[in-house]
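My structure is below; once you've seen it, I'll send some questions.
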Amino acid sequence: MMEASKNARRIRLAANLAGFGVLFTLLVVLVGAGTRLVDAGLGCPDWPGCYGTLVVPDGDRAAAFAPDAPLDSFKAWVEMVHRYLATALGLMALILAWVAFKSRKTPGYPVGLSFLLLFAVCVQGAFGAWTVTLKLWPQVVTLHLLGGFTVLALFFWLQRRLQACARGEQEARRPPLLWWLVLLLLAGQVALGGWTSSNYAGLACGGFPTCNQQWWSEQLDFTEGFHVTQEVGPNYLHGQLHAPARTAIHWTHRVGALALGVGLVFLFFLYLRQQRAKPWLQLLLVSYGVQAGLGVATVIWLLPLTLAILHTAGAALLLLTLLMTGWQLGFSGLKVPKVTLTEVDNAQFQ
């Protein structure tokens with residue numbers, strides 16, 4: 001009995017930690033976006049330290065360590081704060097993996113998911129290092145953003161699974177196929193957003209809904225814009241692509257947003273009658289509308305920092321809403337055991 005109570009407390013602790021991890025990952029993603037937007041990605045030319053130290057050094061120490069990389073204290077501190085937060089996130093994932101190992105014999109405990117989260121955080125840390133050492137190579141920067149969203153999704157799903165385990169559910173939720181397709185569309189759109197940002201194409205299309213006052217332009221270089229084997233070596237701060245390539249990237253990001261919207265509408269109307277999922281489906285469309293509005297405002301007002309960060313936050317909240325929708329849609333596939341009145345009465349008197 002004492003062991004069962006101890007195990008229950010452990011599961012609740014893990015669920016609370018995973019829930020905090022969702023919020024903390026959102027913070028890390030937004031700080032990472034801010035780091036990118038203020039051009040602080042190379043604020044420290046080395047990794048994991050900053051000019052060879054664990055804190056931002058003074059100008060003389062920085063000049064002695066890297067004479068070709070002048071110190072900008074503000075950008076260096078922005079970068080280091082992002083690294084400190086990411087390290088704390090890794091510690092949370094490590095604790096959750098340890099708790100999973102201790103609870104591996106508990107029926108329904110998401111042991112595999114806990115270790116998958118730890119693996120994803122480690123991979124994400126590697127991409128963080130490569131972002132610096134490969135000088136903002138767009139491929140790595142885009143994958144780093146996708147990694148952040150992946151960690152966010154894993155923390156969320158782990159928290160839901162842990163809460164279900166605490167309630168005695170042993171089966172995993174199984175969302176329908178259409179939900180998975182919409183999730184894939186969202187992942188693709190996040191990737192396009194990362195590619196747009198890492199190639200500095202956020203303002204390549206002026207105006208809305210047209211792009212540079214045209215619905216279709218001959219000046220769209222898709223071949224160069226989506227040339228994913230750009231060479232390693234150059235410093236990609238402020239980008240290396242010419243204008244038609246950046247315009248093609250931005251235009252594709254807009255088309256991707258439209259495709260995602262169509263997918264969300266299909267999901268909404270197909271599953272609107274499921275009462276558990278209905279409020280989340282409604283919130284999903286509202287979240288998409290807000291996110292699309294932020295994207296338009298970001299273009300019209302020429303990429304202000306606050307709106308650009310809010311656009312990233314909107315994408316993260318859209319992901320979380322979609323995940324919650326999938327969780328509720330997956331409930332219909334569960335086989336919930338029937339509890340008889342006799343069993344309830346017996347449980348009350350034990």
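Compare the Cα positions of N199, V265, G239 along the charge dipole of the chain (+1 at Cβ of Lys, Arg; -1 at Cβ of Asp, Glu; about the Cα centre) and return the one farthest towards the positive end.
V265
Another question, then. Below 23 Å Cα-Cα, how many Lys pairs turn up in the chain? Only count pairs eight or more apart in sequence, or on different chains, if you could. Present the calculation step by step, with values, prior to reporting the outcome.
On the way: K6/K102; K6/K105; K75/K135; K105/K335; K278/K335.
Count of close lysine pairs: 5.
Now for a separate question. Restricting to DSSP H runs of at least four residues, report the calculated mean residue ellipticity at 222 nm for the chain, -39500 (n - 2.57) per run over all residues, nearest 500 deg cm²/dmol.
Details: 11 runs with 236 residues, N = 350.
Rounded to the nearest 500, it is -23500 deg cm²/dmol.
What Kirkwood hydrodynamic radius, in Å, does region 1-157 give when the mean of 1/r is taken over all pairs of distinct Cα atoms and then inverted?
On the way: mean 1/r = 0.0594 Å⁻¹.
Value: 16.8 Å, from the Cα pair sum.
When the chain is fully extended, how far beyond the present Cα-Cα distance does F115 get from L91, taking 0.36 nm per residue of separation? The partial results should precede the final answer.
On the way: separation 24, 0.36 × 24 = 8.64 nm, distance 1.28 nm.
Answer, rounded to one decimal: 7.4 nm.
I want to verify a result. In a Gaussian network model of the chain, Cα cutoff 10 Å, which of these has the top mean-square fluctuation: H227, H311, H250?
Comparing H227, H311, H250 in a Gaussian network model of the chain, the most mobile one is H227.
Sticking with this structure for a sec: Work out how much length H238 to V81 would gain on full extension: take 0.36 nm times their residue separation and subtract the Cα-Cα distance, in nm to one decimal. Can you show the working numbers first?
Numbers: separation 157, 0.36 × 157 = 56.52 nm, distance 2.21 nm.
Here the answer is 54.3 nm.
Another question, then. When you have a sec, figure out the Kirkwood radius of region 141-252 from all distinct Cα pair distances and drop it here in Å to one decimal?
Values: mean 1/r = 0.0599 Å⁻¹.
Result for region 141-252, one decimal place: 16.7 Å.
Same structure, new question: Could you tell me how far the Cα centroid of region 204-224 sits from the Cα centroid of region 2-36, in Å?
So the two Cα centres are separated by 42 Å.
With only alpha-carbon atoms in the gyration tensor, what are the semi-axes of the equivalent ellipsoid for region 75-183, in Å, largest first?
30, 18, 10
Oh, and also: Anyone know which of L89, L272, L118 comes out most mobile in the 10 Å Cα GNM of the chain?
L272
Also, I was wondering about something else. Cα centroid distance between region 61-85 and region 94-131, in Å?
Value for the Cα centre distance between the two parts: 30 Å.
Only sites in a loop by DSSP and with at most 12 other Cβ atoms within 10 Å count here; which chymotrypsin sites (Phe, Trp or Tyr not before Pro) in region 216-312 make the cut?
On the way: sites: W216, F222, F226, Y236, W251, F266, F268, F269, Y271, W280, Y288, W301; in loops: W216, F226, Y236, Y271, W301.
Of the chymotrypsin sites (Phe, Trp or Tyr not before Pro), the ones in loops of region 216-312 whose Cβ has at most 12 other Cβ atoms within 10 Å are W216, W301.
To continue, here is another question. For the chain, modelled as a GNM with alpha-carbon contacts under 10 angstrom, which of A97, A126, A201 fluctuates the most?
In this elastic network of the chain, the residue with the biggest mean-square fluctuation among A97, A126, A201 is A126.
Normalised radius of gyration for region 228-312, please: alpha carbon Rg relative to 2.2 N^0.38 Å, two decimal places. List each step's numbers first, then the result.
Values: Rg = 17.4 Å, N = 85, 2.2 N^0.38 = 11.9 Å.
Compactness ratio reported: 1.46.
For all pairs of alpha-carbon atoms in the chain, what percent lies in each bin of width 10 Å, listed from the first bin to the last filled one?
Bin by bin from 0 Å, the calculated values are 5, 21, 28, 24, 13, 5, 2, 0.
Read-outs throughout are calculated quantities, based only on the coordinates presented, and are distinct from any laboratory measurement. Only a predicted model underlies this, so the values are computations on that prediction, with no experimental measurement involved. Neighbour counts are summed over all protein chains in view; Cβ atoms, including those assigned to glycine, are modelled from backbone coordinates with ideal geometry.
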